[in-house]
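Peer 1: Supplied in structure tokens, the structure appears directly below.
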Ligand SMILES: *Cc1c(COP(=O)(O)O)cnc(C)c1O
């Protein structure tokens, strides 16, 4: 009787539905399933944050509607954090907005700046929300392939002029999900210059800025001089502080871009629960050692798993950031076929590269979100499959 809207019908098929169903079947059959599929930290939220929440939840002033842009104290904590971490100055009043998780902001942002038929430049493979947010706003995604020979950076100079004329936004995400690639400040500088030449908004998704290792430290695009004229950056507490369930993030950057996003949000949500914002202030102000402990765990897992997979004969992309491994599919399989075989025959869940877009074909993604012992067990099983 009812028909889904054209925008829902235009969504790409949900490739993970089949994997989810099979995984549940396997578990029901009693298999010891190792899930390396989801990008969701396995460790709990650090205790100081949980404690701050417990206190905050008792305060009656938090029980009322929050302001859509976020509490001033939260926005101030974000600005202070950016200053400490990146040396970037932000005005908490105009250049910071709280989000109900960064996904919310990423999905809503195009509604503020994209008219039907406008183009949004989206990387591929990528977090699916850039494309979906574009489609929901009536925009048209234009794919920028991320190729290994280009270190998984988009070759934005090769985008045709007629496309650029219709383009409004360019999305970038480094450290990158799913490829684990990183970008330099020089890359951001070129991107900002090019965006200015072409009157484009740069939207940077910095969800993994704090998941770095071994002396490497990812930059923010806002470190580039003049970037604030064209850029908005989306950030999340989810990955840094094991807070995926809490739904708190923020966007920073150009005041007009923040204002536009704010206009959308005023009309669709009423802001995040203030107690959560208060806990998030505690997170952003925590001593660095708390986060370092989390990094140490991922680094240990990464080194162990990369070595085990390489010993098994697999090609793994080198990286000093993110909790993902981007691994070449062995010859003779598509990424979907290989991932299906891993699940069917070895009870391991991974994500096929093609689930992140056509240019993800040929790879699969492993999340380092299980303990080292489980990773080693998974590596053994993978080895026994490909030998
Ligand atoms: C996890 C993730 C996000 C979203 O995180 P939130 O929990 O919504 O804050 C955004 N971008 C990328 C690339 C991610 O992997």
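Peer 1: Highest first, please rank the peptides 308-314, 220-226, 236-242 by the mean number of other Cβ atoms sitting within 10 Å of their residues.
Peer 2: Going from most to least packed, we get 236-242, 220-226, 308-314.
Peer 1: Quote the relative contact order of the range 84-223 in percent (integer), defining contacts as alpha-carbon pairs under 8 Å separated by 6+ residues.
Peer 2: Taking the mean separation of contacting Cα pairs over the length of the range 84-223, I get 22 percent.
Peer 1: Right, another one. Once you keep just the Cα pairs under 8 angstrom separated by 6 or more residues, what percentage relative contact order results for the range 47-286?
Peer 2: Reported as a whole number, the value is 30 percent.
Peer 1: For an R0 of 25 angstrom, estimate the FRET efficiency from the Cβ-Cβ distance between residue 383 and residue 214 and round to the nearest 0.05.
Peer 2: 0.45
Peer 1: Also, I was wondering about something else. If I model a spin label at residue 149 and residue 161 as a point 7 Å from the Cα along the Cα→Cβ vector, what separation in nanometres do I get?
Peer 2: Using points 7 Å along Cα→Cβ, the separation is 2.7 nm.
Peer 1: Return the FRET efficiency for the residue pair residue 300, residue 28: r is the Cβ-Cβ distance, R0 is 22 Å, and the value is rounded to the nearest 0.05.
Peer 2: The value I calculate is 0.10.
Peer 1: If you build a Gaussian network model of the chain, linking Cα atoms that sit under 10 Å apart, which residue out of 33, 88, 202 swings the most?
Peer 2: Its mean-square fluctuation being the largest, the pick is 33.
Peer 1: Sort the following peptides by mean Cβ neighbour count (other Cβ atoms within 10 Å, averaged over residues), highest first: 116-125, 174-183.
Peer 2: Averaged packing, sorted descending, gives the order 174-183, 116-125.
Peer 1: Where does the chain land at 222 nm, in deg cm²/dmol rounded to the nearest 500, when only DSSP H runs of n ≥ 4 count, each adding -39500 (n - 2.57), divided by all residues?
Peer 2: Roughly -12500 deg cm²/dmol at 222 nm, from the helical runs in the chain.
Peer 1: So for each of 142-148, 257-263, 351-357 I average, over its residues, the number of other beta carbons within 10 Å; can you give me the resulting order with the highest mean first?
Peer 2: Ranked from most to least packed, the peptides come out as 351-357, 257-263, 142-148.
Peer 1: A further question on this structure: Which value, in Å to one decimal place, does the Kirkwood hydrodynamic radius take for the chain when every pair of different Cα atoms is included?
Peer 2: Across the chain, the inverse of the average 1/r is 21.7 Å.
No lab work stands behind these numbers, since they all come straight from the coordinates. As the structure is a prediction and not an experimental result, all values here were calculated from the model. Please note: Cβ atoms are built from the backbone with ideal geometry, for glycine as well, and neighbour counts cover all protein chains shown.
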